[in-house]
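Taken together, the values in this text are just the output of simple stated rules run on the coordinates, not laboratory data. Only a predicted model underlies this, so the values are computations on that prediction, with no experimental measurement involved. Ideal geometry is used to build each Cβ from the backbone, glycine not excepted, and the neighbour counts take in all protein chains shown.
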Amino acid sequence: MARTCARAFNLKVVITRLNSVMGPSHCFPAQVIRAVLADRPLQAPHAINMQSPIHIADMAWQVEPLLEAAAVPALIVNWGGDEHMPMQDWVRKTNEWSGKSATVEARPVAGAPIANPADNTLRKSITGPCRTDFWQEFRRLYDEITATSDFGADTDLRGISIKK
């Protein structure tokens with residue numbers, strides 16, 4: 001729809017294809033931390049589940065340059081962070097900090113992409129590099145979650161109650 005409108009109405013458009021978001025207390029990395037701390041099983045569609053998480057602080061300042069780059073035809077940009085890593089690394093780091101021994105079970109899902117790392121070359125040419133460090137922010141998020149003692153033991157990875 002956006003691409004058609006860009007062409008039909010000579011309307012400058014940028015379409016961002018968002019990767020994993022980092023920062024809010026219920027973001028995907030936070031869900032992984034809570035699952036490890038609550039001794040809940042983790043699953044991924046592949047043995048190495050690559051991600052390119054982007055912090056919300058980076059997203060906030062990148063909006064303006066991305067909007068300024070809008071074009072006809074529509075510009076499509078992968079909106080992910082600068083660092084690429086498997087979600088399994090998040091589990092390993094959380095295990096290291098918590099003393100837990102969680103693992104990730106690879107459960108192939110028909111049609112699921114092999115990985116989710118974003119080619120951020122175009123985004124970086126528009127915005128420049130991200131300003132946040134994933135692992136520093138991941139540790140901050142871990143500390144925030146462990147300080148609350150609410151590991152979400154009664155919810156699944158989507159935050160949905162699993163109480164019977």
Practice prompt. Enumerate by residue number the chymotrypsin sites (Phe, Trp or Tyr not before Pro) in region 1-88 meeting two conditions: DSSP loop (anything except H, G, I, E, B), and at most 12 other Cβ atoms within 10 Å of the site's Cβ.
Written response: Phe9
Practice prompt. Determine the distance separating the Cα centre of region 54-107 from the Cα centre of region 1-47; give it in Å without decimals.
Written response: 8
Worksheet item: Can you put Thr121, Thr132, Thr146 in order, fewest other beta carbons within 10 Å first?
Response: Thr121, Thr146, Thr132
Fill in: Assigned charges on the beta-carbon of Lys, Arg, Asp, Glu; region 2-148 dipole about Cα centre (debye)
400
Item to complete: Rank these for me by crowding, Phe138, Phe28, going from fewest to most other beta carbons within 10 Å.
Response: Phe28, Phe138
Worksheet item: Based on the Kirkwood radius over alpha-carbon pairs, what value in µm²/s does the Stokes-Einstein equation return for the translational diffusion coefficient of region 1-132 at 4 °C and 1.567 mPa s?
Response: 79
Worksheet item: Which trypsin sites (Lys or Arg not before Pro) in region 1-84 pass both tests, a DSSP loop state and at most 15 other beta-carbon atoms within 10 Å?
Response: Lys12
Worksheet, complete the sentence: A correct fewest-to-most ranking of Thr127, Thr4 by other Cβ atoms within 10 Å would be Thr4, Thr127
